[in-house]
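Participant: Take a look at this one; I'll ask things after.
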Amino acid sequence: MRALPSLTALLLLTGCDAAPKVVFADASIILPEDPIALPEGPGRQAVIENCTACHSPSTMLQQPKIPREKWEAQVKKMIELYKAPVDPKAVPQIIDYMMHAQSQPADVPRETPR
Amino acid sequence: MSEGRLTRRALIAGAGGAALAAPVLAQKLVDLALPGGPSLRPLEPQFPGKGEMIVQRLRPPLLETPMEVFAKGTITPNDRMFVRWNWEMPTSVNAAKHRVAVGGAVKAPVSLTLDEIASAGETVEIVAINQCAGNGRGLSEPRVTGTQWGNGAMGCAKWTGVRLKDVLAKAGIGQSAKRVRFAGLDVPMTDGAPQFIKSIPMDIAMRDDVLVAWGMNDEPLPLLHGFPLRIVVPGWFSTYWVKMLSTIEVLTGEDESHYVAETYRWPTVPVKPGDKDFSTVPITAMPPRSFITSHADGATVALGKPLTLEGIAMGGDAGLAKVDLVGAKDGGGREISCELGPDQGGPYALRRWSVTLPQVSDNLTEIGVRATNVNGIVQPETLVWNASGYARGVIERITLKAQ
C-alpha cells in the first residue's frame with residue numbers, strides 16, 4: 001500500500017507539466033500598531049471604551065463629513081447588525097465626538113502621543 | 001485620477017496634558033484627491049511583506065495600492081497588492097492542521113488537507129484582476145460611507161491553484177445544487193454578528209477558470225492575501241474571492257446570509273441620494289475601466305511638442321476591445337484611438353495602452369480614457385451613483401497644463 005500514494009504523486013507531477021510542486025509551510029505575521037491616537041474632544045472616553053476595539057483611530061479620522069443622523073444610523077448599525085457591545089448611555093457621546101472630530105479642519109494631520 | 005502628490009509633514013507630538021514627552025512622528029502622506037476630504041492618507045506603518053502602501057485602516061487591515069505602481073507593467077507585485085479584510089484576520093496558520101470542509105448538498109462531506117486540495121485536479125494558472133467592489137468609492141459625488149478608497153483597491157496577479165469543480169468533486173455535488181458558499185478563518189469579533197461568507201451560482205462555480213488558489217505570482221499566498229487558500233473568480237469583484245478558505249458549502253436555494261442578501265448589492269435602476277425601496281442585485285461582474293498612469297492630474301507638459309500618454313485598462317468580465325482618449329465632456333466629442341499593448345495575460349488581465357499626440361497646442365483640460373470590452377460595454381461619461389459606491393466605472397479624467 002505504501003507505494004501507491006507516491007506513485008500517484010509522481011503521476012500528478014508529470015501531468016502538471018513543470019508546475020512547481022506546492023509546499024505548504026506554516027505562516028505567521030505580526031501586524032503593526034496604530035501610530036495615531038484619538039485627539040482630545042467631547043466624548044473621547046466613550047469612543048475609546050466602545051469603539052476602538054474594532055476601529056483604529058486613524059480610520060475613524062478618515063471618514064467623510066456626514067450629518068448627525070447618519071452617525072446615529074452608523075452607530076445603530078454597529079449595535080444591531082454587528083452586535084457591538086456599546087453602552088446605550090455612551091451613544092450620544094460617541095456621536096458628539098465624531099461630529100467634533102469632523103468639525104476640525106480637514107487634512108490637518110492629527111498629532112498625538114503614542 | 002488620484003496619482004499621489006506626496007507630502008511629508010512633521011506631526012507635532014505632545015498634545016496638552018500628555019504625561020510623557022512623546023517623540024515627534026513624521027508621517028509620509030499621500031493625497032487621494034477625495035472630493036471634500038479628508039483626503040490625506042498615511043503611507044505608514046509598514047505591514048509585514050508589504051512595500052509602501054496607503055494605510056486606509058490598521059485593523060482589520062485595509063491597504064491601498066499607490067497609483068504609481070500601475071505606471072509600469074501589468075502584474076502587480078505581491079508586496080504592492082491591495083489588502084482588504086472585513087473582520088479581524090488570523091495572524092498565523094498551521095499548514096498541517098488546516099482543513100477545508102466540503103459539505104452541504106454533497107454526496108459525502110469531506111474534510112481535506114492542503115495536500116489533498118493541491119492534488120484534487122490539474123494545476124491551473126490564470127492571470128486575473130482582483131478588484132474590490134468599492135474601489136474608487138471615496139471619489140463618489142455625492143460622497144458615500146464605507147472604506148474611502150481611491151482607485152488603488154485593485155491589482156493584477158497570476159493565480160495558481162486547482163479548479164473549484166475538482167475540489168467539489170471530492171465530495172460529489174448533490175442534486176438540486178444551486179450555489180456554492182465559502183467561509184474563511186476570519187470570524188466576527190462579536191457574538192451574533194454575521195460571518196463574512198459569500199456564495200456564487202453553480203454555473204460560475206463550475207467554470208474552468210474558477211480556482212481554489214494557493215499561488216500568487218509564483219509565491220505562496222501571503223497571509224495578508226489569504227494564506228493558505230483563496231477563491232479566484234476571474235472577472236468578478238474580489239468580494240467573492242474568499243480568503244483563508246476553510247469551508248465550502250453547496251446550497252440548494254438562495255443565499256440568505258448578510259453579505260449576499262443584504263450588502264454587496266446595488267440598485268437595478270438609477271438612484272439618487274435618499275431614494276428608498278428600489279430593487280437590488282448582488283454586485284458581481286466587473287465593468288471595463290481605464291486609467292492614465294504616465295501623468296498625474298495637474299502635471300505640466302511641453303507646449304508645441306509631441307506628447308505620449310500611457311496607462312492601463314481592463315475589460316472587466318470580458319476581454320478588452322479598445323481604449324480611446326476622449327476630450328472634455330463638452331469638448332465636441334474629440335476622440336483618438338489608443339494603441340493596445342500585447343495581450344499577455346488573457347481576458348481578465350490588465351493591459352497597457354499608449355497614444356501619441358503629434359503636438360500639444362493648448363492645455364489638455366479634463367481629458368480621459370474610455371475602455372470598451374468585447375461585449376460592447378463602454379465606460380460611461382457620468383458616474384452610476386449608488387449609496388454604497390460600488391462598481392465605479394466612470395471615465396477617469398485629468399487636466400494637463402501646457403507650457
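Participant: Output the number of residues of the stretch B:103-132 satisfying the condition of being touching a Phe, Trp or Tyr at 6+ places or on another chain (Cβ under 8 Å) and either polar (S, T, N, Q) or modelled with pLDDT under 95 (or both).
Facilitator: Within the stretch B:103-132, residues that are touching a Phe, Trp or Tyr at 6+ places or on another chain (Cβ under 8 Å) and either polar (S, T, N, Q) or modelled with pLDDT under 95 (or both) number 2.
Participant: For the stretch B:197-233, give me the residue count where each residue is in a strand (DSSP E or B) and either buried (at least 21 other Cβ atoms within 10 Å of the Cβ) or within 14 Å of another protein chain (Cβ to nearest Cβ) (or both).
Facilitator: Total satisfying the criteria: 14.
Participant: Which members of the stretch B:179-220 meet the condition of being over 19 Å from B:I283 (Cα atoms) and in contact with a strand residue (DSSP E or B) (Cβ under 6 Å, 6 or more places away or on another chain)?
Facilitator: B:G184, B:L185, B:D209, B:L211, B:V212, B:A213, B:W214, B:G215, B:M216, B:N217
Participant: Whether any residue in the stretch B:314-330 is touching a Cys at 6+ places or on another chain (Cβ under 6 Å), part of a loop (DSSP other than H, G, I, E, B) and in contact (Cβ under 8 Å) with a residue 24 or more places away in the chain is what I want to check.
Facilitator: No: zero hits.
Participant: Take the residues of the stretch A:95-114 that are closer than 14 Å to A:I66 by Cβ and of a type in the set (A, V, I, L, M, F, W, C): which is modelled with the lowest pLDDT?
Facilitator: So the residue we want is A:A106.
Yes/no matrix, rows are residues, columns are (1) out of contact with any Ser or Thr (no Cβ under 8 Å at 6 or more places or on another chain); (2) outside any loop (DSSP other than H, G, I, E, B):
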residue	(1), (2)
B:E254	yes, no
B:T263	no, no
B:F278	no, no
B:E310	no, yes
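Participant: Would you pick out the residues in the stretch B:38-62 that are at the interface with chain A (Cβ under 8 Å from one of its Cβ atoms) and part of a loop (DSSP other than H, G, I, E, B)?
Facilitator: Across the stretch B:38-62, the qualifying residues are B:P38, B:S39, B:E44, B:P45, B:Q46, B:F47, B:P48, B:G49, B:L58, B:R59, B:P61.
Participant: Moving on to the next point. Under 8 Å between Cβ atoms, at least 6 apart or on separate chains: pull out the pairs that start in the stretch B:155-174 with a residue that is outside any strand (DSSP E or B) and end on any residue that is of a type in the set (D, E).
Facilitator: Note: pairs meeting the criteria are B:K165/B:D208; B:D166/B:E122; B:K170/B:E116.
Participant: Oh, and also: If I go through the stretch B:331-369 residue by residue, how many of them are of a type in the set (S, T, Y) and either assigned to a loop (DSSP other than H, G, I, E, B) or under 24 Å from B:I75 (Cβ atoms) (or both)?
Facilitator: 3
Participant: Checking B:T147 against (1) at the interface with chain A (Cβ under 9 Å from one of its Cβ atoms); (2) modelled with pLDDT of 95 or more, which single condition isn't satisfied?
Facilitator: (2)
Participant: Could I ask something else about it? Consider only pairs whose beta carbons are under 6 Å apart and that are at least six residues apart or on different chains; among these, list those whose first residue lies in the stretch A:8-36 and is at pLDDT below 50 and whose second residue is part of a loop (DSSP other than H, G, I, E, B).
Facilitator: A:L12/B:S119
Participant: Mind listing whichever residues of the stretch B:309-358 are buried (at least 22 other Cβ atoms within 10 Å of the Cβ) and among the β-branched types (V, I, T)?
Facilitator: B:I312, B:V323 - these are the residues of the stretch B:309-358 that are buried (at least 22 other Cβ atoms within 10 Å of the Cβ) and among the β-branched types (V, I, T).
Participant: Now for a separate question. If you go through the stretch B:75-103, how many residues are of a type in the set (S, T, N, Q), within 11 Å of another protein chain (Cβ to nearest Cβ) and either within 25 Å of B:A205 (Cα to Cα) or not in a loop (DSSP other than H, G, I, E, B) (or both)?
Facilitator: Residues that pass the stated criteria total 2.
Participant: Identify, by number, the condition in (1) away from chain B (no Cβ under 12 Å); (2) touching a helix residue (DSSP H, G or I) at 6+ places or on another chain (Cβ under 7 Å) that A:G41 doesn't meet.
Facilitator: The one condition A:G41 does not meet is (1).
Participant: Condition first: buried (at least 18 other Cβ atoms within 10 Å of the Cβ), at pLDDT 90 or above, under 16 Å from the mean Cα position of the chain (by Cα) and part of a helix (DSSP H, G or I). Now tell me which residues in the stretch A:48-91 satisfy that.
Facilitator: If the condition is that a residue be buried (at least 18 other Cβ atoms within 10 Å of the Cβ), at pLDDT 90 or above, under 16 Å from the mean Cα position of the chain (by Cα) and part of a helix (DSSP H, G or I), then A:N50, A:V75, A:M78 are the ones that fit.
Participant: So which residues in the stretch B:171-196 are among the charged types (D, E, K, R) and more than 14 Å from chain A (Cβ to nearest Cβ)?
Facilitator: B:K178, B:R179, B:R181, listed by residue number.
Participant: Related question: Suppose we filter A:M60, A:M99 for residues that are more than 13 Å from every other protein chain (Cβ to nearest Cβ) and within 28 Å of B:L40 (Cβ to Cβ); which single one remains?
Facilitator: A:M99
The values are calculated or read from the model by the stated rules, or taken from the named source; none is laboratory data. Treat the numbers as computed from the prediction; the structure is a model and nothing was measured. We place every Cβ from the backbone using ideal geometry, glycine too, and count neighbours over all the protein chains shown.
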